[in-house]
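Note sheet for the following structure.
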Amino acid sequence: MILSTRRYARFIEAAAGEVVSIARARLATEEERPLASIAIELHDADGDEAARRLEEYSDVYGEVHAEPPYSWGSDYTDLFRRRFDTQRQQDGFALVEARTAGTLIGVGFGVTLAPSTSWWQNLLSPLPPDVTDERPGRTWALADLMIHPRWRRLHLAEAIHDRLLGDRTEERATVTVLPAATAAQAAALKWGWEKLGQKRNPLPGAPIFDVMVKTL
Ligand SMILES: CC(C)(COP(=O)(O)OP(=O)(O)OC[C@H]1O[C@@H](n2cnc3c(N)ncnc32)[C@H](O)[C@@H]1OP(=O)(O)O)[C@@H](O)C(=O)NCCC(=O)NCCS
C-alpha cells in the first residue's frame, strides 16, 4: 500500500503481547482507501542495542530535522551521531522506538543528568540555584523525541514519551524545545511541561531553545 501523509481517525490503543500499540488510521492516497489498521510496536533498547541501530536513528534524525523550523543539514546529523555514542553509555540512558513492519518510524531517548552537567549553563537569564543545582539522580533529560513525518499525529510521540517517563525514579525531567517548533511546543504543553527559561546551546550557529521541566 502506498502511504500518504493524510491520515484521519487516529488513535492508539493498548494491546496485549508484543504489539503494545495499535494505530488505526484512515490512509489516503490519490484515491481514498478504506480504513486500515497498522500495527505499531514500541520497543525499549539498551545502550548496546542502540549502538547497533545508530544508522536507523540517524537516518530518521536527518529526515526529521531537514524540515522547518530546523532545516538542519548533515553537520547536525554528524553531531547527533557523536553525541548519541556518548549518551547511550551514560547513566539512566533509556530509549524507546516505534516500528511498523520492522521499519523505524519514531524514537525517543534520554539520560540522567550528572551533578557536573552543563545542562543549566548558557541560560539567557539565570535561574535560582534550587532549580539548577543537580544532585545524583535528580533530573532525567529527554535528549530527543522524533517521529517520521509520514507518521505524525497518531499519538506515537505521546506513547513513547509516556513510556520513557513512566517508571523513572528521578524527581523531574527536562527538555529543550525550539520556540518555533510548534508541534513540539503544543505537545509539551499537553503533556504538562513548564517553560523555565531559555538557553543557547554551545553549537555553531545554534538557535535559542526553551528549557522546560516536568515533575515526575
Ligand atoms: C513533536 C513530535 C515528536 C510530535 O509527534 P507526534 O507523534 O505527531 O505527536 P502526537 O501525535 O503524540 O501528539 C500529541 C499532542 O501534541 C500536540 N501536537 C502534536 N503535533 C501537533 C501539531 N502539528 N500541531 C498542533 N499540535 C500538535 C497535540 O496536542 C497532540 O495531541 P492531539 O492530537 O490529541 O491534539 C513530531 O512532530 C516531531 O517529530 N517533530 C520534529 C522533532 C521535534 O520537534 N521533536 C521535539 C523536540 S525534543
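Here, each number is a calculation from the coordinates, and none is a lab measurement. Keep in mind the model is a prediction, meaning the values are calculated, not measured. All Cβ positions, glycine included, derive from the backbone under ideal geometry; neighbour counts span all protein chains shown.
Return T174, T132, T86 ranked ascending by Cβ neighbour count within 10 Å, so the fewest neighbours appear first.
Details: T174 22, T132 16, T86 10.
Placing the least packed residue first, the sequence is T86, T132, T174.
Would you list, by chain and number, the aspartates and glutamates whose Cα falls below 18 Å from the Cα of K214, excluding same-chain residues fewer than 8 positions away?
Qualifying aspartates and glutamates at Cα under 18 Å: D130, D133, E134, D144, E158, D162, D167, E170, E171, E194.
Work out the P(r) tail for region 42-215: percent of alpha carbon pairs separated by more than 26 Å, whole number. Mind dumping the intermediate values first?
Working: 3666 of 15051 pairs.
For region 42-215, the fraction of Cα-Cα distances above 26 Å is 24 percent.
About its Cα centre, how strong a charge dipole does region 42-215 have in debye, to the nearest 20, once Lys and Arg get +1 and Asp and Glu get -1 at the Cβ? Present the calculation step by step, with values, prior to reporting the outcome.
Values: 20 positive and 25 negative charges, 82 e Å.
With Lys and Arg at +1 and Asp and Glu at -1, about 400 debye.
Find which of T112, I208, A157 sits farthest along the positive direction of the dipole of region 42-215, computed with +1 on the beta-carbon of Lys and Arg, -1 on that of Asp and Glu, about the Cα centre.
I208
Residue by residue through region 187-194, what is 3J(HN,Hα) from phi via Karplus (6.51 cos²θ - 1.76 cosθ + 1.60, θ = phi - 60°)? Round to whole Hz and write x for glycine and proline.
Rounded to whole hertz, the list is 5, 4, 4, 5, 8, x, 7, 10.
Pop a pseudo-label 7 angstrom from the Cα along the beta-carbon direction at both E56 and A180 and give the gap in nm to one decimal.
Distance between the two pseudo-spin positions: 3.2 nm.
How large is ³J(HN,Hα), in whole Hz, for each residue of region 85-91 in order, when computed from phi with the Karplus curve 6.51 cos²θ - 1.76 cosθ + 1.60 and θ = phi - 60°, using x for Gly and Pro?
Running phi through 6.51 cos²θ - 1.76 cosθ + 1.60 with θ = phi - 60° gives 5, 6, 4, 5, 9, 8, 4 Hz.
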